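Engineer: Quick one: this structure, given as structure tokens, is what I'll be asking you about.
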Amino acid sequence: MTAGARPATALSIAGSDPSGGAGIQADLKTFSALGVYGMACLSALTSQNTVGVRGVLEVPGQFCAAQIEAVLDDVPVDATKIGMLGGAATVRAVARVLAARRPELGTLVLDPVMVATSGDALLEDGAARVLIDELVPLADVVTPNLPEAAALLGGVEEADDVAGMRQTAVELLGLGPRAVLLKGGHLDRGEAVDVLALSRDGAAPLVLEWAAPRVATRNTHGTGCTLSSAVAAFAARARTAGAPAGAESSGTASPGLESPGLDDAALTAAVRSGKEFLTRALSEGAAWRLSRTPEAGHGPVNHLAQTLR
Ligand SMILES: Nc1ncnc2c1ncn2[C@@H]1O[C@H](COP(=O)(O)OP(=O)(O)O)[C@@H](O)[C@H]1O
Ligand SMILES: Cc1ncc(COP(=O)(O)O)c(N)n1
């Protein structure tokens, strides 16, 4: 690296999963695996493991916002990933600071976390409205799973095939994000299909889909967190490298300076690379038996299966 240059950076605003598979822990592992300098602002603590969520302790919204301001006041951020926020007050406080400082957040990936893989609720009732109105329009990419997509659209029926997913992804663009990555992990079919809808000024949205072989494993805890943080990390690399996302050499940028935004092709490449990273993490962790009772819950993916410098 050139003397005085800085590494590509990514910030996660999310909850803590002490068992290390999801949340902030998954995000920081993913950023590190992808050679990106990771930072983390905690929105909530959970007591959870691979079996389920036992409790949630919210970080006061103002203190969550204060963490974000401390980072932004000091370090240029190439990409920001938002995960579990927990309470309506936290969503509101985070939205206020992010709206005021949007140009400093880099590429913004919003994972609208509502329910854990274990089935436990991770977003307070009533907080979804604030998320939809105040956070979704700020995002470059929103990454709902099928139940979250249905909830974001006001409780419509969940898509149950790829054609329905394509339509749902386009409808979600109506909430104001630049792109929607609709995840099809919950679709009952042999492949894990994700759909990307990208809005384009004055033209019909671009709709793409990626199918990966469905990995036969119970180790799916944190797949959504890992995917969204991988997309953020690849976006950060692309912004700093001025090279296509997924390129071998890690990006560097001038000290103290914000990196330039991504065009549609580079944003699409970051999403595709993120999906490839997640698929590999899933397949290389598929045989893990981390828990003493693996049949009782869902184990994590192998975040470190692919590492880049
Ligand atoms: N068994 C699986 N094999 C391969 N990919 C999967 C599998 N389960 C989920 N995925 C992928 O993991 C990512 C997260 O998907 P999903 O389960 O829909 O979201 P969430 O974790 O937010 O509930 C998506 O890219 C999805 O296609
Ligand atoms: C702190 C925290 N954040 C997010 C999730 C969602 O995990 P998943 O990706 O399995 O839905 C989680 N279980 N815990």
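Engineer: Please specify each residue of the range 180-196 satisfying the condition of being closer than 15 Å to K275 by Cα and more than 16 Å from ligand 2 (Cβ to nearest atom). Steps first, please.
Structural biologist: Taking the range 180-196 as the starting set, the residues that turn out to be closer than 15 Å to K275 by Cα are 180-185, 191-196.
Once the filter is applied, which keeps residues that are closer than 15 Å to K275 by Cα and more than 16 Å from ligand 2 (Cβ to nearest atom), the range 180-196 yields V180, E191, V193, V195, L196.
Engineer: Name the residues in the range 91-103 that are under 18 Å from the mean Cα position of the chain (by Cα) and crowded, with 22+ Cβ neighbours inside 10 Å, would you?
Structural biologist: V91, V94, A95, L98
Engineer: Looking only at the range 117-138, decide whether some residue is modelled with pLDDT of 95 or more, under 20 Å from A232 (Cβ atoms), buried (at least 20 other Cβ atoms within 10 Å of the Cβ) and within 16 Å of ligand 2 (Cβ to nearest atom).
Structural biologist: Checked against the condition, which is being modelled with pLDDT of 95 or more, under 20 Å from A232 (Cβ atoms), buried (at least 20 other Cβ atoms within 10 Å of the Cβ) and within 16 Å of ligand 2 (Cβ to nearest atom), the range 117-138 yields at least one hit.
Engineer: Something else now. In the range 1-26, what residues are in contact with a Lys or Arg (Cβ under 6 Å, 6 or more places away or on another chain) and either closer than 29 Å to R289 by Cα or in a strand (DSSP E or B) (or both)?
Structural biologist: Step one: filter the range 1-26 for residues in contact with a Lys or Arg (Cβ under 6 Å, 6 or more places away or on another chain), giving 8, 12.
Listed by number, the list holds a single entry, S12.
Engineer: Taking the condition closer than 21 Å to A192 by Cα and within 16 Å of ligand 1 (Cβ to nearest atom), does V113 pass? Talk me through it step by step, then tell me what you get.
Structural biologist: Working: closer than 21 Å to A192 by Cα: yes; within 16 Å of ligand 1 (Cβ to nearest atom): yes.
Against the criterion (closer than 21 Å to A192 by Cα and within 16 Å of ligand 1 (Cβ to nearest atom)), V113 qualifies.
Engineer: Do we have G274 as modelled with pLDDT of 95 or more, touching a strand residue (DSSP E or B) at 6+ places or on another chain (Cβ under 7 Å) and either of a type in the set (D, E) or within 16 Å of ligand 2 (Cβ to nearest atom) (or both) here? Walk me through it before giving the result.
Structural biologist: Details: modelled with pLDDT of 95 or more: yes; touching a strand residue (DSSP E or B) at 6+ places or on another chain (Cβ under 7 Å): no; either of a type in the set (D, E) or within 16 Å of ligand 2 (Cβ to nearest atom) (or both): yes.
No.
Engineer: Another one. Go through (1) polar (S, T, N, Q); (2) within 16 Å of ligand 1 (Cβ to nearest atom); (3) farther than 15 Å from I13 by Cα one by one and return the number of the condition T46 breaks.
Structural biologist: In the conditions (1) polar (S, T, N, Q); (2) within 16 Å of ligand 1 (Cβ to nearest atom); (3) farther than 15 Å from I13 by Cα, T46 misses (3) alone.
Engineer: When the residues of the range 211-230 are narrowed to those that are of a type outside the set (G, A, S) and in contact with a Phe, Trp or Tyr (Cβ under 9 Å, 6 or more places away or on another chain), which ends up farthest from ligand 2 (Cβ to nearest atom)? Spell out how you get there, then give the answer.
Structural biologist: Pass one, the range 211-230, residues of a type outside the set (G, A, S): 213-215, 217-221, 223, 225-227.
The next check asks that each one be in contact with a Phe, Trp or Tyr (Cβ under 9 Å, 6 or more places away or on another chain); those that pass are 217, 219, 226-227.
Values: T217: 13, N219: 10, T226: 7, L227: 8 Å.
Filtering the range 211-230 for residues that are of a type outside the set (G, A, S) and in contact with a Phe, Trp or Tyr (Cβ under 9 Å, 6 or more places away or on another chain), the one farthest from ligand 2 (Cβ to nearest atom) comes out as T217.
Engineer: Another one. Those residues that are surrounded by fewer than 17 Cβ atoms within 10 Å (Cβ to Cβ) and near ligand 1 (Cβ under 8 Å from one of its atoms), I need them from the range 192-213; list them, please.
Structural biologist: Hit for the range 192-213 is P213, nothing else.
The values are calculated or read from the model by the stated rules, or taken from the named source; none is laboratory data. Note that the structure is predicted; figures quoted are calculated from it, not measured. Cβ atoms come from the backbone with ideal geometry, glycine included; neighbour counts cover every protein chain shown.
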